[in-house]
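The structure's right below; bear with me while I get my questions together.
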Amino acid sequence: MSGSPPWSSSRWHSSQAGFVPHHATSNSTGRLEVASSPPDVQRSLSAANIAGHSSLRGMRRLEARRQMEEANFLSSKARSQNLNPPIDLRMLDYVTAYDDNLMCPICRCPFLDPVVLAECDHCFCRDCIRQTWASTYSPLGPRGDCPSCRTPAKLGPRSATSKILVNITDDLLVRCPKSEDGCKAQVKRGEVQDHVNIYCGYAYMECTADDCELHVLRKDAAEGCLHFGVSCLDCRQSMQKASLETHWRVQCPDRKVSCELCKEAVFNREWDTHSRETCPAISIPCPGKVFGCNSRSKRSQADVHAKSCTFAKLTPMLTAMQQRMDEQEAAQKVMVRKLEVLEGGFQAVQTILSTKQEDPDQVGADESRIPLLTGRPHQRGDSGGMLDAMVVETDVGAFVFPPPSSSSRPSSELVHVRAGASLPPLYSAPMAPGPRPADLPEPFTMDFDMASPFPPPAANGPYISPLHHLLSMHESLRDEMSRMSAALQELDGRQSMQALNENLRTREEISYMAAQVAGLSRQVHWLTSAQLQRQQHGGAGRQAAGAAGPSGSDIAGAGAGVEAAVSTAASALRGAARIVNAGQGMTMRRGLSEEGRTKL
Amino acid sequence: MANRLGAMSSASAANQGAKSAGNPSRPAANGNVIKRLQSELMALMTSPTPGLSAFPAGSDMTKWNATVTGPSDTPYADLTFKLTLSYPANYPYAPPEVLFKTPIYHPNVDMAGRICLDILKKGGDGSEGAWSAVLNTGSVLLSIQSLLGEPNNASPLNGEAALLWDRDQTEYKKKVLARHQEPEDVEAADVA
């Protein structure tokens, strides 16, 4: 443990600070002594007094004079300190390059009032280590873990480094903090506070005039009170004389300043555009910079370069191409997004359809052998007759539905076959009720064949592109549609066949009854005519003989009664036929009953 | 608490009396942060570390962008990750906030890019952070780079990754590559 050297050095330091007059100490730790100078001075003054008592009278006078000088010096220093706030030494601009070893690892500035941690020998600025430990407060004084090595450490009252480190860091050259205002001085860091407080021409001090309370730059102090109103010659703005120079340098818009590069005098207000756009001496990059030309040339010579530079020549074309590429990329992005939306929509539609499809398919599976009318194109033109209906019924073929479970996406060939098998029967079905669906499937199949340039989706495998996938889905949807319409038509046909069968029997009965009635009526007719003949003969005989009158009139009355009964039966039959007609609503039917009626 | 604060402020007042000039006043604190960041930037520029880079994001000196290349012989080899660093006003007494901008599959990084690393948390009363004022941007990035190759599976943010790291390195590498995006793609997505 190197406890004793720091201790002894620090004691040396403090004793030094106690005895040596402030000039010397401010050299090394100026920052400290500036603030704490009044008590120090008191002490040194009293020491001087003691010395003075023991010396000669001349010595005493000298001493008194020194005291007065010191007092003046200190008071002016204190005053200027009010006007010039203390300098933050970390914010200074260091002129000397300094070693990394002289840098506090926390603030990364040259050590300011460095302390060394006794436990691990690591060194930090006093402020930095205090602030690091600010969160871990202890009543016994600042303590915590060393930021560098995490050793528990504390800051004792005598924690300080050797004087040599303080001297090295305080001897680093810095620029005067007033350098922005015009001070060119470079001073040692330890002296910079004194420089600003005492010497710097650009620091503020109180105005020399007795009745003036304002402050003035130190370099202007000799010119007397400058706090009277003047107006700027260039911009006619009124201000105080003391601030005129600053105004000229940075603010006045109508003052001309000379450009360092092109030596041209430029108005302050145009300075920005000049330095950015017009100054011929400023160097600008080649216009083809984005495409790879790295050369820079002065604005005045930019044209010469542009003529020889391939990049610059190509730039307009390349930018146009770039722009077009960007546009197309944006357009493509939009398209891709649209495609995604469409795909999603199709997927949704497909899922809806595939769930709906379950039901008809189940029915189809149950009645997988649905009797269908087989195609006989020559029957198409035939008018509906009983015989035809019979023939059609006997020719009913069986159409087999493809089992729905075989594939979720039935191949289009199968649908084709099915469409071909199921459509002609519909054409030939003479009894098909309602609007003929013939116009629906035919263009549909045509369209299907012609308009799809892609091969029908034969398998569920991966697709080359989303477009392809979409098209195949579209086709499968169409297949679904045609299947469903075919199924609907089959159902329709079956329905009409059932109705036909139902009615056949009724029709047969009716026609049988009609025949009976016709026979009856023929018998009645024959009887009536025989009776009438007999009556005529009888009448002639009666008129001739006047004998058999009453018996002939009796027979005629009986004949009329039979005829009335027959006509009643015929009207009843007609009523039955009407009922059948109403039930069926078919024109052929009507024709049939009409036929019956004419038979009647 | 108030007592404590009072004691502290009086202590610091006494301090000020003792050594006035160097004590950073409150408004100047930000200046000190920027000064320190400038110094760090200078150090990073003059002596760059391979696989690491950092630069202020814009005119604001307290927001930086950084890139870290995955160390070789790890699942992250040859992958580049983009990070953002945001420095608080009391830097370096408090740690910067570091986020992964590139999606990364790692036991100690969550989906939002937050990093579980002790040196990125401030220590002190009760908390387990290990931030130290002597750490800087370079050392933080170096720690993150080494975290890629040596995850702390004891306190994972991404439990699945922690399990997979111990069980199946090839599958882990697959997941890393699946999650990774080139920084340019991330930027393009941000713009879009």
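Quick one: accessible area per residue over the range A:228-281, 1.4 Å probe, rounded to a whole number of Å²? Can you show the working numbers first?
Working: 3690 Å² over 54 residues.
Heavy-atom SASA per residue in the range A:228-281 reads 68 Å².
What is the spin-label model distance, in nm, from B:LEU163 to A:GLU206 if the labels are put 7 Å beyond Cα along the C-beta direction?
Taking the two extended label points, one gets 8.0 nm.
With r defined as the distance between the Cβ atoms of A:ARG494 and A:ASP326 and R0 fixed at 60 Å, what FRET efficiency is calculated, to the nearest 0.05? Write out the running numbers ahead of the final one.
Working: r = 63 Å, r/R0 = 1.06.
E between A:ARG494 and A:ASP326, to the nearest 0.05, is 0.40.
Turning to a different aspect of this structure: Using DSSP to define loop residues, name the GluC sites (Glu not before Pro) in the range A:211-262 whose beta-carbon has at most 10 other beta-carbon atoms within 10 Å.
Values: sites: A:GLU213, A:GLU223, A:GLU245, A:GLU260; in loops: A:GLU213, A:GLU260.
Within the range A:211-262, the qualifying GluC sites (Glu not before Pro) (loop, at most 10 other Cβ atoms within 10 Å) are A:GLU213, A:GLU260.
Expressed as a whole percentage, what fraction of the accessible surface of the range A:228-281 belongs to carbon and sulfur atoms when a 1.4 Å probe is rolled over the protein heavy atoms?
Numbers: 1840 of 3690 Å².
Its accessible area is 50 percent carbon and sulfur atoms.
Looking only at other chains, what is the average number of their beta-carbon atoms within 10 angstrom of each beta-carbon in A:147-153?
Taking the mean over all residues of the peptide, I get 2.
Now for a different question. Going by average Cβ neighbours within 10 Å, how do the peptides A:139-151, A:321-333, B:45-57 rank, with the highest at the top? Intermediate results must be reported in sequence, preceding the final value.
On the way: A:139-151: 15.6, A:321-333: 10.5, B:45-57: 12.9.
Order by mean packing, descending: A:139-151, B:45-57, A:321-333.
While we're here: Give the cross-link partners of A:LYS289 among the lysines, using a straight C-alpha distance below 26 Å as the criterion and excluding same-chain residues fewer than 8 apart.
Correct list for A:LYS289: A:LYS298, A:LYS307, A:LYS313.
Mind checking how much accessible area A and B bury in total, 1.4 Å probe, in Å² rounded to 100?
Working: alone 38170 and 11050 Å², together 46610 Å².
It comes to approximately 2600 Å² buried between A and B.
Using the C-alpha atoms of the range B:72-128, what convex hull volume per residue, in cubic angstrom, is computed?
On the way: hull volume 6.3 nm³, N = 57.
Measuring per residue, one finds 110 Å³ for the Cα hull of the range B:72-128.
Now for a separate question. If I take R0 = 45 Å and measure r between the Cβ atoms of A:ASP181 and B:MET111 in this structure, what FRET efficiency does the formula 1/(1 + (r/R0)^6) give, to the nearest 0.05?
Numbers: r = 53 Å, r/R0 = 1.18.
Between A:ASP181 and B:MET111 the formula returns 0.25.
Give the peptides A:516-522, B:159-165, A:481-487 in descending order of average Cβ contacts within 10 Å, highest first.
Values: A:516-522: 14.3, B:159-165: 16.3, A:481-487: 18.9.
Sorting A:516-522, B:159-165, A:481-487 by mean packing, highest first, produces A:481-487, B:159-165, A:516-522.
Work out how much length B:ALA43 to B:LYS122 would gain on full extension: take 0.36 nm times their residue separation and subtract the Cα-Cα distance, in nm to one decimal.
Details: separation 79, 0.36 × 79 = 28.44 nm, distance 2.39 nm.
Residue separation times 0.36 nm, minus the Cα-Cα distance, leaves 26.1 nm.
Quick one: if the Förster radius is 25 Å, what FRET efficiency do A:SER354 and A:HIS468 give, using the C-beta to C-beta distance and rounding to 0.05? Spell out each step's value before the answer.
On the way: r = 20 Å, r/R0 = 0.80.
Between A:SER354 and A:HIS468 the formula returns 0.80.
Can you tell me which lysines have their Cα less than 20 Å from the Cα of A:LYS163? Leave out same-chain residues fewer than eight positions away.
A:LYS163 reaches A:LYS188, B:LYS19.
The values are calculated or read from the model by the stated rules, or taken from the named source; none is laboratory data. Source: prediction; values computed, not measured. Backbone-built Cβ (ideal geometry, glycine too); neighbour counts: all protein chains shown. Remember, those area values only see protein heavy atoms, side chains included, never the ligands or the DNA or RNA. Shrake-Rupley method; radii C 1.70, N 1.55, O 1.52, S 1.80 Å.
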